[in-house]
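Asks: Here it is: the structure, laid out below.
The values are calculated or read from the model by the stated rules, or taken from the named source; none is laboratory data. Everything quoted here is computed from the prediction, not taken from an experiment. Here the Cβ is made from the backbone with ideal geometry for all residues, glycine too, and neighbour counts use every protein chain on show.
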Amino acid sequence: MKNSHTIFSDFPYFAHGGDYNPDQWMHRYPEVLEEDLRLMNLANCNTFSLGIFSWMDYEPREDEFHFDWMRKILDNLHGQGSQVVLATPSGSKPAWLSKAYPEVCRVNEQGLRAHHHRRHNHCMTSPVYREKVAILNQKLAKEFGDHPAVKMWHLSNEYGGECHCDLCHRAFQDWLKNRYETLDELNHAWWSYFWSHRIGDWSEIDPRDESVDGMRLDWRRFVSHQTLDFMKAEIAALRAGTATQPVTTNMMGFYQGLDYWRFAEVVDVISDDAYPQWKNTAQDLNTAALLGCVHDMHRSMKQGKPWMLIESCPDAPQWQGTARLKRPGVYRNEMLQAVAHGADAIMYFQWRKGRGGSEKFHGAVVDHEGSENTRVFKQVSELGSTLQKLAPIVGTSTKSEVAVIMDWDSRWALECSQGPLIIKGENQYLTPILKSHRGFWENGVSTDVLESLGDFSGYRMVIAPQLYLLKPGVAERLRRFVEDGGTLVLTYLSGVVGESNLCLREGFPGGGLRKLCGVWAEEIDYLYEGETQEIDFLPGNTLELKGRWQTGRTCERVHAEGAEILATFTHDFYAGSPALTCNAVGKGSVYYLAASMDTAFWKAFSQSLISNAKLSRILETELPEGVHIRERGDENKTYIFIQNFNNHSVEIDLGNLTGRCMETGLSVQGRLKLKGWHSRVLCKKRHSLPEE
Ligand code: GLA
Ligand code: ZN
């Protein structure tokens, strides 16, 4: 079971390394490449991403190709024992290409075509760009597809952005024709009767019209689709060149512009770039919680298979405004958190700082000084040796009983609708997702992150905050999940619109959810800043929650239609109306939360849900604030990560958990002391097996 899940075949170790740009050095400083090999060994690094920005070195003039330089580097890396994730260089184009074919440069919303500059700015539709990329990708595959160092392909770099050139607009129109078939269908879907925006001819469609919310939503879908289509064309060219290695692409966490669920279906391995900004204040707990949620999504994207933290910073990225150094311990905790959440690769941007360019001050393993004597280098090397000790964890996964739902479609639809998002930072789609996920995380319960089209079977609880856009079939699948004994939690702003952002008509939550929840949300009240509501738990409620809790600025006036009322609002004209309800359906139950709530509430709420449903917690005892616990394992062993994200020491009551520290080999039980920003990884045999 284990080896089938390793990212790199025949490599039962953590991948450790990063973006390596020898092309910045080989022209004038070839000795640096030699030195790199020595330093890579000292840094305990074994995996490098190469060629991400190498187009100009492969093809310095149109149709003139050079590959020998890369072959030499690959040979050397292979000889030194490293493996390579070789990139397709489409993320940054050479100047000759922009000059010869101006259509490859993007056009902005004002209709201005970009001059040749920067990177990540090509048109995804341009046939010429696609052709040039395909030629190069195919050649790369032919040249290096059988090179023993090349273990994986890195597709482009951080796909993103949009283009408003004529080609893209026409492709959008074609995509719409395919989706709606007739203009009548399209006009209905977009409700373009409004303000006389009805489309009379496909060629009139211009996605920049902000007032047509259905069109704005479809434009986002199209941009995501077109980018995915571009990525598929990149893969096809590699395969045409007979490359057989798995492919990946570096995602950017919860990046708003692409529906990563669709990308996840196409790549073989999930990879993410993460650049958290730590402050060594209580705010870091939010950062850690956010990372935990993103990481859980990446693990869930391939049903629990390990993923790669393919870019991270061993120090401070120069672009974060304030490039504050990562304090001792912070870096190590950040990397081990990724491992705790299922990463089998810890890689950095960047291996070595360049002498020039906008990233010359971006943190790197090797500093300008160039030796192994820097603080950062030593830390990386130490983490490398820790990862060697943790090698038995590679290939293992996490079984979660809880899934939190995160849909790009719901997020986009909310963002494209005027009204629900008027409260900045409050109803932002991700906010309640993060808070609910954090509730379970803080209670030491493993959580997956799925999309609403995901497979709920195998879970015991599904939390779907602001399921604003209801996709076809989702309500029915949720009903089945509950009838079979699952617990479902829905919130305000659920089942508000259908596929094209048209409001559902049978009362919110619509599309079948009203009956499932046993509530009707008649009105939604957005409070002014500084205004507040309260919810009060009724005595003897099934969740055994007590007292009054302050709400955020979104509250719904809800009627119970069969659901049991657990808490009510206390203020204003809707004092006494339900704020939290529970509806028994089949063998399961559905909770409906009618107000936005803070993290403390979600922690208490999830704690009650956990005990009510008897979900398994990694540790039965209460964790000190800022201490987090995760587990990975296989049929024989469980690996438990205990991490302190506070500046101060903590003492953790391990209850009846005993394990062996993976680093020291010593047995750990009873009370565990953890210094600020320290982690422990324990190994424990499954109950049925005798202890070592
Ligand atoms: C992104 C890019 C890298 C580099 C880093 C810097 O993640 O993919 O090429 O620019 O940012 O943090
Ligand atoms: Zn374009």
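Asks: For residue 228, all conditions in the list (1) crowded, with 21+ Cβ neighbours inside 10 Å; (2) in a helix (DSSP H, G or I); (3) within 16 Å of ligand 2 (Cβ to nearest atom) hold save one; what is the number of the exception?
Replies: Failed condition: (1).
Asks: How do the pairs read when you match residues in region 224-246 that are over 13 Å from residue 125 (Cα atoms) with residues anywhere that are basic (Lys, Arg) and part of a helix (DSSP H, G or I), using Cβ under 7 Å and keeping only pairs 6 or more apart or on different chains?
Replies: 241/139; 241/142; 242/142
Asks: Which is crowded, with 16+ Cβ neighbours inside 10 Å and in the same structural domain as residue 459 (by TED's automatic domain parsing), of 619, 674, 609?
Replies: 609
Asks: Then there's this: Name the single residue, out of those in region 527-558 being crowded, with 17+ Cβ neighbours inside 10 Å and under 31 Å from the mean Cα position of the chain (by Cα), that is farthest from residue 589 (Cα to Cα).
Replies: Ranking the candidates gives 527 first.
Asks: OK, next. Would you check if there is a residue in region 349-360 being surrounded by 21 or more Cβ atoms within 10 Å (Cβ to Cβ), charged (D, E, K, R), out of contact with any Ser or Thr (no Cβ under 9 Å at 6 or more places or on another chain) and at pLDDT 95 or above?
Replies: Checked region 349-360: at least one residue is surrounded by 21 or more Cβ atoms within 10 Å (Cβ to Cβ), charged (D, E, K, R), out of contact with any Ser or Thr (no Cβ under 9 Å at 6 or more places or on another chain) and at pLDDT 95 or above.
Asks: Here is a follow-up. Determine which single condition residue 243 fails, assuming it passes every other condition in (1) surrounded by 16 or more Cβ atoms within 10 Å (Cβ to Cβ); (2) closer than 26 Å to residue 107 by Cα.
Replies: Just one mismatch for residue 243, condition (2).
Asks: Got a number for residues in region 546-580 being within 20 Å of residue 603 (Cα to Cα) and assigned to a loop (DSSP other than H, G, I, E, B)?
Replies: Residues flagged as within 20 Å of residue 603 (Cα to Cα) and assigned to a loop (DSSP other than H, G, I, E, B) within region 546-580 amount to 2.
For (1) more than 16 Å from ligand 1 (Cβ to nearest atom); (2) within 14 Å of residue 136 (Cα to Cα); (3) hydrophobic (A, V, I, L, M, F, W, C), each residue gets a yes or a no:
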residue	(1), (2), (3)
26	yes, no, yes
32	yes, no, yes
48	no, no, yes
53	no, yes, yes
66	yes, yes, no
75	yes, no, no
78	yes, no, no
85	no, no, yes
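Asks: In region 301-342, which residue that is assigned to a loop (DSSP other than H, G, I, E, B) and polar (S, T, N, Q) is nearest to residue 377 (Cα to Cα)?
Replies: So, considering only residues that are assigned to a loop (DSSP other than H, G, I, E, B) and polar (S, T, N, Q), the one nearest to residue 377 (Cα to Cα) is 312.
Asks: Take the residues of region 247-278 that are among the small types (Gly, Ala, Ser) and touching a residue at least 40 places away in the same chain (Cβ under 8 Å): which is farthest from ligand 2 (Cβ to nearest atom)?
Replies: 274
Asks: Okay, moving on. Within region 290-313, identify whether any single residue is among the hydroxyl-bearing types (Ser, Thr, Tyr), over 30 Å from residue 418 (Cα atoms) and away from ligand 1 (no atom under 15 Å from the Cβ), and answer yes or no.
Replies: yes
Asks: Name the residue that is nearest to residue 525 (Cα to Cα), counting only residues in region 412-462 that are at pLDDT 95 or above and basic (Lys, Arg).
Replies: Out of the qualifying residues, it is 435.
Asks: Can I ask one more? Tell me which of these residue 211 doesn't satisfy, since it passes every other one: (1) part of a helix (DSSP H, G or I); (2) of a type in the set (Ser, Thr, Tyr); (3) more than 21 Å from residue 113 (Cα to Cα).
Replies: Just one mismatch for residue 211, condition (1).
Asks: Sort through 286, 280 and tell me the only one that's surrounded by fewer than 24 Cβ atoms within 10 Å (Cβ to Cβ), in a helix (DSSP H, G or I) and of a type in the set (S, T, N, Q).
Replies: Residue meeting the stated conditions: 286.
Asks: Hey, which of the strands (runs of 3 or more DSSP E) in region 416-500, taking only ones fully inside, have at least 2 residues that are more than 21 Å from the chain's Cα centre (by Cα)?
Replies: Qualifying strands (runs of 3 or more DSSP E): 487-491.
Asks: Mind listing whichever residues of region 153-172 are within 16 Å of ligand 1 (Cβ to nearest atom) and surrounded by 20 or more Cβ atoms within 10 Å (Cβ to Cβ)?
Replies: Residues satisfying the conditions are 153, 154, 155, 156, 157, 159.
Asks: Residues of region 456-491 being closer than 22 Å to residue 429 by Cβ, among the charged types (D, E, K, R) and touching a residue at least 24 places away in the same chain (Cβ under 8 Å), which ones?
Replies: Within region 456-491, 471 is the sole residue that qualifies.
Asks: OK, next. Going by the structure shown, is residue 117 out of contact with any helix residue (DSSP H, G or I) (no Cβ under 7 Å at 6 or more places or on another chain) and touching a residue at least 60 places away in the same chain (Cβ under 8 Å)?
Replies: Judged against the criteria, residue 117 is not a match.
Asks: Inside region 647-669, can you point out the residues that are in contact (Cβ under 8 Å) with a residue 40 or more places away in the chain and surrounded by 19 or more Cβ atoms within 10 Å (Cβ to Cβ)?
Replies: Correct list: 662 only.
Asks: Among the residues that make up region 74-84, is at least one of them touching a His at 6+ places or on another chain (Cβ under 7 Å) and over 30 Å from residue 375 (Cα atoms)?
Replies: There is no residue in region 74-84 that is touching a His at 6+ places or on another chain (Cβ under 7 Å) and over 30 Å from residue 375 (Cα atoms).
Asks: Specify which of the listed residues (620, 631) is more than 30 Å from residue 581 (Cβ to Cβ), touching a residue at least 12 places away in the same chain (Cβ under 8 Å) and among the acidic types (Asp, Glu).
Replies: Result of the check over 620, 631: 631.
Asks: Where residues in region 14-43 are buried (at least 16 other Cβ atoms within 10 Å of the Cβ) and assigned to a loop (DSSP other than H, G, I, E, B), which of them is farthest from the chain's Cα centre (by Cα)?
Replies: Looking at the filtered set, the residue picked out is 26.
Asks: Among all residue pairs at least 6 apart or on different chains, which show Cβ distances below 7 Å where the first residue, located in region 545-568, is closer than 10 Å to residue 594 by Cβ and the second is hydroxyl-bearing (Ser, Thr, Tyr) and part of a loop (DSSP other than H, G, I, E, B)?
Replies: 551/532; 554/492; 556/492; 557/574; 557/577; 558/577; 568/577
Asks: Which residue, of 543, 516, is under 22 Å from residue 467 (Cβ atoms) and assigned to a loop (DSSP other than H, G, I, E, B)?
Replies: Only one candidate passes the filter, namely 543.
Asks: Could you please find all residues in region 173-194 being crowded, with 17+ Cβ neighbours inside 10 Å and either within 16 Å of ligand 1 (Cβ to nearest atom) or not in a helix (DSSP H, G or I) (or both)?
Replies: Result: 191, 192.
Asks: Among the listed residues 134, 141, identify the single one that is surrounded by fewer than 20 Cβ atoms within 10 Å (Cβ to Cβ), in contact (Cβ under 8 Å) with a residue 24 or more places away in the chain, closer than 21 Å to residue 236 by Cβ and not charged (D, E, K, R).
Replies: Within the list 134, 141, the selection yields 134.
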